[in-house]
């Protein structure tokens with residue numbers, strides 16, 4: 001069992017697994033550019049390439065004229081990816097948020113931005129790469145704030161820029177989706193917190209991505225990325241240092257798989273869990289989901305990577321029947337899941353509409 005789980009984790013938490021199965025992945029050139037979509041260019045892609053991740057040197061369209069600036073709402077929507085995430089993998093035609101930006105624009109959203117940071121690195125460094133992108137989005141739109149919608153580790157990056165980098169006055173709302181706010185026992189399994197598991201899992205990940213986890217290249221630090229998501233780091237270090245800003249509204253959602261008995265974990269404010277809808281977890285996540293259900297202080301009902309109890313933060317909106325891949329429409333899912341009925345594009349439309357209903 002330990003050997004099997006090591007390889008499952010290796011595939012899920014690595015770029016190679018991402019390309020094949022949609023867990024996440026950097027692509028060879030994707031960390032160094034970002035795409036900006038507006039209602040006028042929904043079908044176009046323009047890019048700026050860099051040797052290192054943002055800040056951007058330029059963006060594909062001019063800033064709004066000074067006399068046209070309206071700093072108030074509706075604020076731009078910023079989609080921010082998670083651990084092992086990417087913006088676009090051209091060879092496979094994969095977008096991390098699969099078709100979400102295009103769908104939001106087609107349904108009337110005027111500005112949707114997708115940001116890019118290092119797929120494998122600590123939260124602080126990823127946040128430092130995210131921050132100047134937020135500044136640039138504000139500059140070119142003339143708005144005073146943004147609404148961030150973040151998946152997985154992306155929610156931690158966003159909390160860091162708000163609380164540690166002082167962006168509380170530039171972020172109106174933060175919505176996190178299956179973000180490990182209290183850590184994930186899967187990350188703990190890669191360290192000495194779980195004796196006997198560390199070496200085989202770490203070695204498996206290293207062999208899959210072709211790097212030494214203990215001595216990674218400067219452009220990626222898998223160990224730092226995973227360490228940032230351990231329960232110990234989140235509870236004793238990150239959360240005490242990143243208290244919620246009173247200027248920002250925080251919302252959270254959580255995916256769940258297999259279980260339909262997530263009460264009370266899954267009850268939310270606006271999105272009560274429909275226990276009649278059951279998602280059978282992706283085969284690649286079945287062992288990690290089983291492990292997470294029975295391990296960790298914040299284990300239990302989960303999406304294969306993050307437990308519902310860990311994903312709850314701010315105003316918890318509720319659960320939906322999906323695993324960690326389904327939440328972003330991977331791999332290349334185009335419509336509702338025939339089993340659970342979950343439609344990732346419709347879900348993000350709902351998320352954004354609830355932000356708008358609150359005046360942001």
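The values are calculated or read from the model by the stated rules, or taken from the named source; none is laboratory data. Worth saying up front: this structure is predicted, and the values here are computed from it rather than measured. For neighbour counting, all protein chains shown are included, and Cβ atoms are generated from backbone atoms with ideal geometry for every residue, glycine included.
Go through segment 305-360 and report how many residues are surrounded by 24 or more Cβ atoms within 10 Å (Cβ to Cβ) and free of Cβ contacts under 8 Å to residues at least 60 places away in the same chain.
Number satisfying all stated conditions: 1.
Mind listing whichever residues of segment 156-187 are free of Cβ contacts under 8 Å to residues at least 60 places away in the same chain, over 14 Å from residue 78 (Cα atoms) and assigned to a helix (DSSP H, G or I)?
187
Got at least one residue in segment 142-155 being in a helix (DSSP H, G or I) and either in contact (Cβ under 8 Å) with a residue 60 or more places away in the chain or farther than 21 Å from residue 325 by Cα (or both)? Can you show your working first?
The first filter runs over segment 142-155 and keeps only residues in a helix (DSSP H, G or I), leaving 154-155.
Now drop any that are not either in contact (Cβ under 8 Å) with a residue 60 or more places away in the chain or farther than 21 Å from residue 325 by Cα (or both), which leaves 154-155.
Looking through segment 142-155, at least one residue is in a helix (DSSP H, G or I) and either in contact (Cβ under 8 Å) with a residue 60 or more places away in the chain or farther than 21 Å from residue 325 by Cα (or both).
Quick test of your reading of the structure: residue 183 fulfils all but one of (1) modelled with pLDDT of 75 or more; (2) on the phi > 0 side of the Ramachandran plot; (3) surrounded by fewer than 17 Cβ atoms within 10 Å (Cβ to Cβ). Name the failing condition by number.
The one condition residue 183 does not meet is (3).
Among the residues in segment 200-208, are any out of contact with any helix residue (DSSP H, G or I) (no Cβ under 7 Å at 6 or more places or on another chain) and modelled with pLDDT under 95? It would help to see each step written out before you state the result.
Kept after step one, since they are out of contact with any helix residue (DSSP H, G or I) (no Cβ under 7 Å at 6 or more places or on another chain), are these residues of segment 200-208: 203, 207.
Next, only the ones that are modelled with pLDDT under 95 stay: 203, 207.
Looking for residues that are out of contact with any helix residue (DSSP H, G or I) (no Cβ under 7 Å at 6 or more places or on another chain) and modelled with pLDDT under 95, one finds at least one in segment 200-208, hence yes.
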